[in-house]
1. For Leu55, all conditions in the list (1) closer than 25 Å to Val206 by Cα; (2) out of contact with any Gly (no Cβ under 7 Å at 6 or more places or on another chain); (3) surrounded by 17 or more Cβ atoms within 10 Å (Cβ to Cβ) hold save one; what is the number of the exception?
2. Which one of the conditions (1) more than 21 Å from Val199 (Cα to Cα); (2) within 13 Å of the chain's Cα centre (by Cα); (3) surrounded by 19 or more Cβ atoms within 10 Å (Cβ to Cβ) does Trp172 fail to meet, given that it meets all the rest?
3. List, please: which pairs have Cβ atoms under 7 Å, are six or more places apart or on different chains, and start with a residue in the stretch 196-212 that is more than 15 Å from Cys132 (Cβ to Cβ) and among the β-branched types (Val, Ile, Thr) and end with one that is open to solvent by 10 Å² or more (accessible area, probe 1.4 Å) and assigned to a helix (DSSP H, G or I)?
4. So in the stretch 24-46, with the set limited to residues that are open to solvent by 60 Å² or more (accessible area, probe 1.4 Å), farther than 23 Å from Gly69 by Cβ and not in a helix (DSSP H, G or I), which one is modelled with the lowest pLDDT?
5. I need the full set of residues from the stretch 146-174 which are under 17 Å from Ala118 (Cβ atoms) and touching a residue at least 60 places away in the same chain (Cβ under 8 Å), in order please.
6. Which numbered condition trips up Cys122, out of (1) open to solvent by 70 Å² or more (accessible area, probe 1.4 Å); (2) under 18 Å from Ala220 (Cα atoms)?
7. Yes or no: Ala83 modelled with pLDDT of 85 or more and closer than 30 Å to Ala177 by Cα?
Amino acid sequence: MPPATPPVPDRSSTIASALRSAIVDGRLMVGDRLPSETELAEQYGVSRPTVREALKRLAAQSLIRTRRGASGGAFVNHLSYDAAHDQQITTGVLLLSMNAISFDVACEARFAMERACAPLACARRNEAQLRCMRTEVARQSDPGLTDEAFCASDVAFHRALVDAAGNPVLSWQLAGAVEAMQPLMNMITFTARSRARIVALHGRIVDAAEAMDVSTCDTALRDLESYTVEVHAAVMAQRAEKACSTR
């Protein structure tokens, strides 16, 4: 059997990677204009459509922006944490789904990172963040709230707690942990869990944050994690029992 032919490298990906490295390394700064498509095509020995595809890859990552006209072209973008937030959530969702991460592993990771924010949140929380958390607790107490709306409120509550840490890097990192993992966990367990118990735990968390009581906040988060795992285990046991009974 003849040896396998090595795959032809994706030239647009190679060019995008080189330009990305130049941006990350600081050789291309925010606001700098990239060479023209013609110049890049000559530099890398490729066609302009190949260069155009490379630039599309960078634009999709919000690393560059394009401007039309005589003074136009492709420019290094200022990537804010807000702009990267949705990308982090999307990446988190895809990572969990494609790698079949177990519920227990996702739950452990998410609460471990959130508990790491608790001391900072207790020290730095402001009135607006406390008000946001209390508003969500009140919303969750409404018996007429749909399951989907309850889940959305749950996410909003925990994002407010994370944001209360006052660290944009943590908020960005936890976007994938809280906002990507939590909807998955909620949709699995919301039919079995006690809303009253969740509301009580959320109330303990916000009370502790307001009182700057790190220990109580951490304990409440641990209790919430334990209860979430407990409910999930019960749901899985019921499903397994039902599957056996239908055989």
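The values are calculated or read from the model by the stated rules, or taken from the named source; none is laboratory data. Just so you know, these numbers come straight off a predicted model, no measurement behind them. We place every Cβ from the backbone using ideal geometry, glycine too, and count neighbours over all the protein chains shown. Just the protein is used for accessible areas: all its heavy atoms, side chains included, with ligands, DNA and RNA removed. Shrake-Rupley method; radii C 1.70, N 1.55, O 1.52, S 1.80 Å.
1. (1)
2. Of everything listed in (1) more than 21 Å from Val199 (Cα to Cα); (2) within 13 Å of the chain's Cα centre (by Cα); (3) surrounded by 19 or more Cβ atoms within 10 Å (Cβ to Cβ), Trp172 misses just condition (3).
3. Partner pairs satisfying both residue conditions: Val199/Val137.
4. If we take residues in the stretch 24-46 being open to solvent by 60 Å² or more (accessible area, probe 1.4 Å), farther than 23 Å from Gly69 by Cβ and not in a helix (DSSP H, G or I), then Arg27 is modelled with the lowest pLDDT.
5. Once the filter is applied, which keeps residues that are under 17 Å from Ala118 (Cβ atoms) and touching a residue at least 60 places away in the same chain (Cβ under 8 Å), the stretch 146-174 yields Val169, Ser171, Gln173, Leu174.
6. Failed condition: (1).
7. Working: modelled with pLDDT of 85 or more: no; closer than 30 Å to Ala177 by Cα: yes.
When the stated conditions are applied, Ala83 does not pass them.
For (1) modelled with pLDDT under 85; (2) closer than 22 Å to Val235 by Cα; (3) in contact with a Pro (Cβ under 7 Å, 6 or more places away or on another chain), each residue gets a yes or a no:
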| position | (1), (2), (3) |
| --- | --- |
| Phe150 | no, yes, no |
| Phe157 | no, no, no |
| Ala160 | no, no, no |
| Asn167 | no, no, no |
| Leu170 | no, no, no |
| Val178 | yes, yes, no |
| Thr189 | yes, yes, no |
| Arg193 | yes, yes, no |
